[in-house]
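**Student:** Below: one structure in structure tokens.
The values are calculated or read from the model by the stated rules, or taken from the named source; none is laboratory data. All figures in this text were calculated on a predicted structure; none of them were measured in a lab. Virtual Cβ from ideal backbone geometry, glycine too; neighbours counted across all protein chains shown. When the accessible area is computed, the model is the full protein with side chains, heavy atoms only, and any ligands, DNA or RNA have been set aside. Shrake-Rupley method; radii C 1.70, N 1.55, O 1.52, S 1.80 Å.
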Amino acid sequence: MADPHAKMTQATPQEVIISLLAGLFAPLLAIFLIVQLVLGIQEEQQADTTSEAAQKATLARIKPFAQLVALDANAPRVEKAGQEVYDAVCSSCHSSGALGAPRFNNKGDWSGRLGQGYDTLVKHAIEGIRQMPPRGGDGDLSDVEVARAVVYMANSAGASFKEPAVAAPAAPAATPDAAAAPAAGVENK
Ligand code: HEC
């Protein structure tokens, strides 16, 4: 009588190869299917962003931010008035005299400097001098805005400089009107 277990425990070489292949193939197949699934999901989502509805939904989601930056880049720049620039940028040093800055409304601090004349003062304010950073550290300020702030400060300390009238060279059309309004506001001190 043949032992019935003998057949069960003895695998032929073919059986060994087949079970090895099957053991390798099953996980590979599983990985392949998972990758396909993920790619499929990604594709679905990417395709969606081009549809009009999806774009509208995106626009709606970013709307609060879009409103903040939705300024017309071609609109003429409205130059800030001297007082506005001073309050926003220059006052941090020039109201207290930080770093030795000549103080607003202080004739003693400014008397020696005013003698240099308007052009030199504006040049120093734009280019910076010693502890005074160029444009007060705000590179976004235009030359006209810096000059107006200089006029505002210097006049507070006894000078009688005139506001620079003409605004930015970039926008010729509507600029004079736009510039005139803030300039007028500065005179009434
Ligand atoms: C970080 C501090 C700081 C800020 C901000 C600042 N200044 Fe000054 N400013 C100084 C100091 C310090 C001096 C004195 C520099 C010196 O003569 O050594 C000075 C001097 C000046 C002078 C006199 C220059 C001269 O030749 O005597 C002018 C004009 C001036 N600042 C304009 C401005 C204007 C306009 C702004 C704003 C746009 C501004 N500053 C912002 C620190 C500052």
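**Student:** Looking at the stretch 124-156, which of its residues are within 8 Å of the ligand (Cβ to nearest atom), in a helix (DSSP H, G or I) and open to solvent by 50 Å² or more (accessible area, probe 1.4 Å)?
**Tutor:** Arg135, Gly137
**Student:** Give all pairs with beta carbons closer than 7 Å in which a residue from the stretch 117-143 that is more than 25 Å from Val78 (Cβ to Cβ) meets a residue that is assigned to a loop (DSSP other than H, G, I, E, B); count only pairs at least 6 apart in sequence or on separate chains.
**Tutor:** Met132/Ala101
**Student:** Given (1) assigned to a helix (DSSP H, G or I); (2) more than 39 Å from the chain's Cα centre (by Cα); (3) modelled with pLDDT of 80 or more, where does Met8 come up short, assuming only one miss?
**Tutor:** Every listed condition holds for Met8 apart from (3).
**Student:** Of the conditions (1) more than 10 Å from the ligand (Cβ to nearest atom); (2) open to solvent by less than 60 Å² (accessible area, probe 1.4 Å), Asp109 fails just one. Which one is it?
**Tutor:** All conditions are met except number (1).
**Student:** Can you confirm whether the stretch 76-94 contains a residue that is near the ligand (Cβ under 8 Å from one of its atoms), open to solvent by less than 80 Å² (accessible area, probe 1.4 Å), in the same structural domain as Glu163 (by TED's automatic domain parsing) and touching a Pro at 6+ places or on another chain (Cβ under 8 Å)?
**Tutor:** Yes, the stretch 76-94 has at least one match.
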